[in-house]
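Novice: Quick one: the structure is below, questions incoming.
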Amino acid sequence: MDDIDLSDRADAQLDNLIRNHEAQGAAAAPLCLAARAERDLRRGFDADASLALLREAAARGVSVLHGDLARGDGVRWTNVRKQVGAHLQDLAAFAEARGLPMLTALVTDRAGLATGALSPASLKELVQAARAIGRPAPEDPVAFAADERARAIAWAQAEAAAQTGAEASETGANATGPDAAEAADAGPSRAGAATSAG
C-alpha cells in the first residue's frame, strides 16, 4: 500500500478504482487499498489512528461516536460528516486486509452509545462496509451488527490480555536474572531490597 503512489489521480478516479475493485470482489487488493488510503488522506482521515481508536474502544467494550472517530483523526466532524461512510468502508477494508475483525461495528451515534445498538443510518453504513469488502448482505442486519460488535470486542480483549500477559512474562523474566538469584541466596531481607531496587 505504501509503495503505490496515487497522488496524481483525481478524486473521481480513486472512487472509480475502488468501486471497480469492490465489484470484482477485490476490495483488499493492494491497488484498492492504496486508493482508499489516498482518498482518506485527502479527506483528512488517518486510518491507522482510526483503527487504533477502535481497537482501544473494543478492548474496553465501548462504542465510538462518529464525531469521536473524526476527532481521533484530527479533523473536525462538521468538515467530514458527509465522507464518514466512505471512511468506515475504508476502515473495514483495511481491517479485513490486516486480518482484524470488523471494528467499524463499534461506530454509532449518540442514541446507541450506551447500548452499542446502531441507528438505522449507522446500521446501513455497517452493511455497506461489509458489502464493500465482499461479505454478503446479512439477512438480519441488527443481529449481524451485534455479532460483529461482540466479535470485535472479544478479539480486542483477548489481544489486550495477551499483551498484558506478555508484559508480565517479560517482567517476570527480568526478575529471574542474576540479581534475583543472588538475592534469593542472600535471604529474605536482601531479596526484598533487590526486587524493590530493580
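The values are calculated or read from the model by the stated rules, or taken from the named source; none is laboratory data. Everything quoted here is computed from the prediction, not taken from an experiment. Cβ coordinates were reconstructed from backbone atoms using ideal geometry, including for glycine residues, and neighbour counts include every protein chain displayed.
Novice: Restricting attention to the stretch 76-96, which residues are hydrophobic (A, V, I, L, M, F, W, C) and either buried (at least 18 other Cβ atoms within 10 Å of the Cβ) or in contact with a Leu (Cβ under 8 Å, 6 or more places away or on another chain) (or both)?
Specialist: Within the stretch 76-96, Val80, Val84, Ala86, Leu88, Leu91, Ala92, Ala93, Phe94, Ala95 meet the criteria.
Novice: State all residues of the stretch 97-113 that are part of a loop (DSSP other than H, G, I, E, B) and buried (at least 23 other Cβ atoms within 10 Å of the Cβ); if no residue qualifies, say none.
Specialist: Filtering the stretch 97-113 down to residues part of a loop (DSSP other than H, G, I, E, B) leaves 98-102, 109, 113.
Met102, the sole residue that qualifies.
Novice: Further, regarding this structure: For the stretch 114-134, check the following and say yes or no: at least one residue is under 17 Å from Leu33 (Cβ atoms), in a loop (DSSP other than H, G, I, E, B), out of contact with any strand residue (DSSP E or B) (no Cβ under 6 Å at 6 or more places or on another chain) and modelled with pLDDT under 90.
Specialist: Yes; the residues of the stretch 114-134 include at least one that is under 17 Å from Leu33 (Cβ atoms), in a loop (DSSP other than H, G, I, E, B), out of contact with any strand residue (DSSP E or B) (no Cβ under 6 Å at 6 or more places or on another chain) and modelled with pLDDT under 90.
Novice: Let me ask something else. Conditions: (1) over 18 Å from the mean Cα position of the chain (by Cα); (2) at pLDDT 90 or above; (3) not aliphatic (A, V, I, L, M). Glu96 meets all but one. Number of the miss?
Specialist: All conditions pass for Glu96, except number (1).
Novice: When you look at Pro138, is it of a type outside the set (A, V, I, L, M, F, W, C), modelled with pLDDT of 90 or more and under 21 Å from Arg19 (Cα atoms), yes or no?
Specialist: Yes; evaluated as a whole, the condition is true for this residue.
Novice: Here is a check on your reading of the model: is Asp109 farther than 23 Å from Pro136 by Cβ, in contact with an Asp or Glu (Cβ under 6 Å, 6 or more places away or on another chain) and modelled with pLDDT under 90?
Specialist: no
Novice: Suppose we keep only residues that are buried (at least 19 other Cβ atoms within 10 Å of the Cβ) and over 15 Å from Asp90 (Cβ atoms) within the stretch 124-156. Which one would you say is farthest from the chain's Cα centre (by Cα)?
Specialist: Restricting to residues being buried (at least 19 other Cβ atoms within 10 Å of the Cβ) and over 15 Å from Asp90 (Cβ atoms), the top hit is Phe144.
Novice: Turning to a different aspect of this structure: When residues of the stretch 38-91 are filtered for being in a loop (DSSP other than H, G, I, E, B) and either touching a strand residue (DSSP E or B) at 6+ places or on another chain (Cβ under 9 Å) or among the hydroxyl-bearing types (Ser, Thr, Tyr) (or both), how many remain?
Specialist: 1
Novice: May I ask you to say which residue of Ala156, Ala186 is modelled with pLDDT of 90 or more and either in contact with a Phe, Trp or Tyr (Cβ under 7 Å, 6 or more places away or on another chain) or among the small types (Gly, Ala, Ser) (or both)?
Specialist: That would be Ala156, the only listed residue that is modelled with pLDDT of 90 or more and either in contact with a Phe, Trp or Tyr (Cβ under 7 Å, 6 or more places away or on another chain) or among the small types (Gly, Ala, Ser) (or both).
Novice: Consider only pairs whose beta carbons are under 8 Å apart and that are at least six residues apart or on different chains; among these, list those whose first residue lies in the stretch 160-181 and is closer than 22 Å to Gly61 by Cα and whose second residue is surrounded by 10 or more Cβ atoms within 10 Å (Cβ to Cβ) and at pLDDT 70 or above.
Specialist: Ala160/Ala59
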